[in-house]
Each structure stands twice: as C-alpha cells, then as structure tokens.
Amino acid sequence: MCSSDLKNSPHLVRSLPFIIPIYRTSRRPKWQIKIGLTAYDFLSGSRKIRPHRMLDKEEVIAAIPQINRDQLMGGALYYDAQMDDARLVIENILDAEKMGAHVYNYAGVTHVQARGSHIDYIEASDQFSGETFKIHADCYINTTGPWSDEWCLAHFTDHSPQLRLSKGVHIIVPFLGIKDALLLTSGDDGRVFFVIPWFGLSLIGTTDTDYSGSLDEVSVTEEDASYLLRAANRHLSGISLTSSDIIHRFAGLRPLIRENAKHASKVSREHTVTKKGNMLSLCGGKYTTFRKMSEDITRYACDIIQWKEPFTSLSKERPVWGGNIGDIDTYIKTHLPHAISTYGVSSSTVSHLINYYGSQYTNVLSLLSENPAFSESIGNTSHLIAEFVYAKRFEKAKTLDDFLRRRTRIALSQTREALSLIVSQLDQLTFA
C-alpha cells in the first residue's frame, strides 16, 4: 500500500516497518540491498511512507531479539503498510453504493445473451431469494480474478487464456513477540517470505507456487505449512514452531498475467485490460494498485460507451466509506469522551470500533439502545453482538461466514474450539 491509502483509509491501512536481516551467507550482499531500497524510495516518490535506513548488527538485534545471530552482519529497514483486506473491500463496496451503484451479494450470472462478441444482456439470480433479473448495459466489466479465463472461455470461443495462477499460503500463530515485520528468505529455495505482527498474533507467509487445480478448492497442504514453519524456525532463535502452533491457515490465488518467467514469484504483478466486444476484462494487479486499476478500466469503459465529458478520477483523493477521519489517533482521542458519555461504553470499545469502522463507528453504537444483548461481547473477542447486527443490516452479510471471515477477522484469529463456541452463540440469536 502507499501513502494515499494511509490517508484515504487510515483505520484500515497502517504504516509498518520491515526489517531485512543480512547474513554473511545471504544471496544479496548489503550493498546490493542498499541499491535496491534506494531505487524503491526513488520510484515511490511522494508516495513513499518513509525513506529506508541501513542497520548494523546491534540495531537489528535490538529491534528483533529473537533473530538468529549466527553470521548476522546487519540489516535494512524500510516502510510499507499493513491493511485489513476484508474490510477494505466492503467499505469500497459501500462507498460505491453511496455514489449510486446497485450492489448485490450472492447474485450469480445464470445466462449471457450475446451476438458474437457483443453482449445484449446478462441474466442473474439471487441465490437466497431466487429472484431473477436482467442486466442491460452498454459495457460489461469482468473482474472475476482467478475465474476470469474460465468465465471468458465459457462465453467466447476465441478467447486466449490470459492468466498464470499462483497459490499464496499464510499461517497464523500466537504472537512471537516481534513488533516489526521481517522480510526473510527460505532456506529451502531462497524465496522471500514474511513474518508480520497481525492484530495480536503473528502471520507467516506467503508462498508463491504455480497452481492448476480447482479454483473452488484451494487449500493449505501440510507441505505448504511445513515449508513456512521450517523457514521461520531457521531465522528465529529459541522459537521452535510446529503444526500444533498454527491457529489458522488460509490460501488464495493470484491472477498473474501469463508470462514465461521461470517461477511464479518472478511474474509481474502488473495488470492488463482486454476488450471483447462490449466487455472488458481486468486481469492481474494487486491490492496496492487497486485504485489505479479502477481508473484504467473506467477509461476503457468510457471509450466503449462514448462518454463525452473529460475523464476525471475521484479515486486518488477519495476516502473509503469510513475513512474521512484524518489522523486516527487524534480522531480517537477527540471522540472518546462524547462516545463514552453518550453510549455508556468503555474507551477500549470505542477505540476498537473506530479502528474497524472509522467514522461509521457511531452507526454500530446507535444499535445498543435497541437491545441490551447487543452490548455483549462475541466470545472472548473485542467484538460486540451489535457488530453482527450491523453487518447483517447494513453491510450485506448473508451468512455467518460473511461476518466471521469477510466483515471481521474472527474466523482467522480464533482456535477451532473458541470459534465453535462463537458460532453456537451467534446461531442462537433470533433478532432481525
């Protein structure tokens, strides 16, 4: 992420220092890393968070006491950002709806009426209500990620596959006591991975391997998990992680542009827009460039619909749904007294809600007057029952999974036993 995301989504995107330890045996010497980070700072321009800094051995140990010190020579410090990806998605969707978009959840395409490469209309069906409806448009945009090729091949016989799919795997373990993020290399094959502080826990990942299996059955294998555990244990002294330490594991697919690079990790993360009749497909890209991707495909769409006005993007300066709060620490401090006195909640609850919902936090608190149960905690988490109600009413959550995985991080941060109790607790709620 870059500085504009820190400004437009301050409750969901936070700056995070990354340390690269450098060893005598490292594939890249200190001078080479210095050149690389200097170029990184230069190319980032005004978007960079802070300039990098080279560290000596003592500084690396002071920052990361757990680091393996054998042949350690020093390191480098640079800055990137950490985001809450699930909430960033939902808040962009809510903001789009505020701007006039019609938004549907669990609505699947059931039929495409086309003449050659020109789409006349699309039929869709609500998977819950069974309602069907037709969508007529001058331009259709395919942003189905890893499913992009599959969708195009099903509807256009002359489609040439655009993607090379790469599987990425993460594992979540108890907090390792490391406050900064670590950029490390695997002892197995020299590939880069990270150890990152993650909302009170530690996240280790990611892998980057070619994938050709079912798009609907992507999973973390024992081999994937063992690879990351071995890699982390190699770099951290006194920490011997095993599979029993894994709280949760998750995998996803990167829809990379098809290239002839030797390994998936070497494939460009750039995006492309392809046109087929009056349909555009957006392929490749990553979260870091989601605003640029949106701008690019909108320009193409404006050409198809023959938009007469000059194209002006609002994206760069536009906060997401709850993002118009400025500096988040100042915002919390300013809003704490009023929220505590008005809603009778603790300062920790207010801080938690602002960190999750930004300026929309009062919409959650306003629900507390409806039912005393709404102020109760969900399991042993800092989340309130009111948040579950809010997700169902205003954030288009249709299932428990929507709430536990795609509106909050609860499913990823709880043990199996704790999550089972939470599911039972929420299943018993009968209010609308």
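The values are calculated or read from the model by the stated rules, or taken from the named source; none is laboratory data. Model, not experiment: these values are computed from the prediction. FYI the Cβ positions are ideal-geometry reconstructions off the backbone, even for glycines, and counts take in every protein chain you see. Remember, those area values only see protein heavy atoms, side chains included, never the ligands or the DNA or RNA. Shrake-Rupley method; radii C 1.70, N 1.55, O 1.52, S 1.80 Å.
When region 143-171 is limited to residues that are assigned to a loop (DSSP other than H, G, I, E, B) and not hydrophobic (A, V, I, L, M, F, W, C), the one that is most open to solvent (accessible area, probe 1.4 Å) turns out to be 157.
Quick check, is residue 61 open to solvent by 30 Å² or more (accessible area, probe 1.4 Å) and touching a Leu at 6+ places or on another chain (Cβ under 9 Å)? Yes, satisfied.
If the condition is being open to solvent by 30 Å² or more (accessible area, probe 1.4 Å) and either modelled with pLDDT of 95 or more or not in a helix (DSSP H, G or I) (or both), then region 370-386 contributes 370, 371, 375, 376, 377, 379, 380, 382. Residues of region 281-335 that are without any contact (Cβ under 8 Å) to a residue 12 or more places away in the chain and farther than 30 Å from residue 162 by Cα: 308, 309, 310, 329, 330, 333, 334.
Taking first residues from region 407-419 that are surrounded by fewer than 21 Cβ atoms within 10 Å (Cβ to Cβ) and partners that are among the basic types (Lys, Arg), the Cβ contacts under 9 Å between residues at least 6 apart in sequence or on separate chains come to 411/405; 412/405. If the condition is being over 14 Å from residue 104 (Cβ atoms) and of a type outside the set (Asp, Glu), then region 118-136 contributes 118, 119, 121, 136. Where helices (runs of 4 or more DSSP H) sit wholly within region 267-369, those with at least 3 residues that are touching a strand residue (DSSP E or B) at 6+ places or on another chain (Cβ under 8 Å) and either open to solvent by 60 Å² or more (accessible area, probe 1.4 Å) or at pLDDT below 95 (or both) occupy 290-304.
Identify, please: which residue in region 88-103 is out of contact with any Gly (no Cβ under 9 Å at 6 or more places or on another chain) and of a type in the set (D, E, K, R) and is, among those, surrounded by the fewest Cβ atoms within 10 Å (Cβ to Cβ)?
98
Determine, yes or no, whether residue 10 is crowded, with 17+ Cβ neighbours inside 10 Å, at pLDDT 90 or above and in a loop (DSSP other than H, G, I, E, B). When the stated conditions are applied, residue 10 passes them.
Only one entry in 121, 140, 78, 106 is open to solvent by less than 50 Å² (accessible area, probe 1.4 Å) and either more than 24 Å from residue 273 (Cα to Cα) or of a type in the set (Asp, Glu) (or both), namely 78. Assess whether residue 46 counts as being outside any strand (DSSP E or B), in contact (Cβ under 8 Å) with a residue 40 or more places away in the chain and open to solvent by 40 Å² or more (accessible area, probe 1.4 Å). When the stated conditions are applied, residue 46 passes them.
Within region 178-203, restricting attention to residues that are open to solvent by 20 Å² or more (accessible area, probe 1.4 Å) and among the aromatic types (Phe, Trp, Tyr), the residue that is modelled with the lowest pLDDT is 199. Against the test of being over 15 Å from residue 141 (Cα atoms), more than 21 Å from the chain's Cα centre (by Cα) and not aromatic (Phe, Trp, Tyr), the options 277, 326, 322 yield a single qualifying residue, 326.
The residue list 214, 226, 244 contains one member that is of a type in the set (S, T, N, Q), closer than 27 Å to residue 380 by Cβ and either in a helix (DSSP H, G or I) or open to solvent by 30 Å² or more (accessible area, probe 1.4 Å) (or both), which is 244. Restricting attention to region 61-81, the residues being within 30 Å of the chain's Cα centre (by Cα) and under 25 Å from residue 43 (Cβ atoms) number 7. The one condition from (1) surrounded by 18 or more Cβ atoms within 10 Å (Cβ to Cβ); (2) modelled with pLDDT of 95 or more; (3) within 30 Å of residue 21 (Cα to Cα) that residue 174 does not meet is (1).
When residue 19 is tested against (1) farther than 30 Å from residue 323 by Cβ; (2) in contact with a Gly (Cβ under 8 Å, 6 or more places away or on another chain); (3) aliphatic (A, V, I, L, M); (4) in a strand (DSSP E or B), only condition (1) is not met. Out of all the residues in region 13-43, which are over 27 Å from the mean Cα position of the chain (by Cα), open to solvent by 40 Å² or more (accessible area, probe 1.4 Å) and either without any contact (Cβ under 8 Å) to a residue 60 or more places away in the chain or on the phi > 0 side of the Ramachandran plot (or both)? Result: 24, 25, 28, 29, 30, 31, 32, 34, 35.
Could we say that residue 55 is open to solvent by less than 40 Å² (accessible area, probe 1.4 Å), touching a residue at least 12 places away in the same chain (Cβ under 8 Å), touching a Lys or Arg at 6+ places or on another chain (Cβ under 6 Å) and not polar (S, T, N, Q) here? No; evaluated as a whole, the condition is false for this residue.
The single condition from (1) over 23 Å from the mean Cα position of the chain (by Cα); (2) open to solvent by 40 Å² or more (accessible area, probe 1.4 Å) that residue 112 fails is (2).
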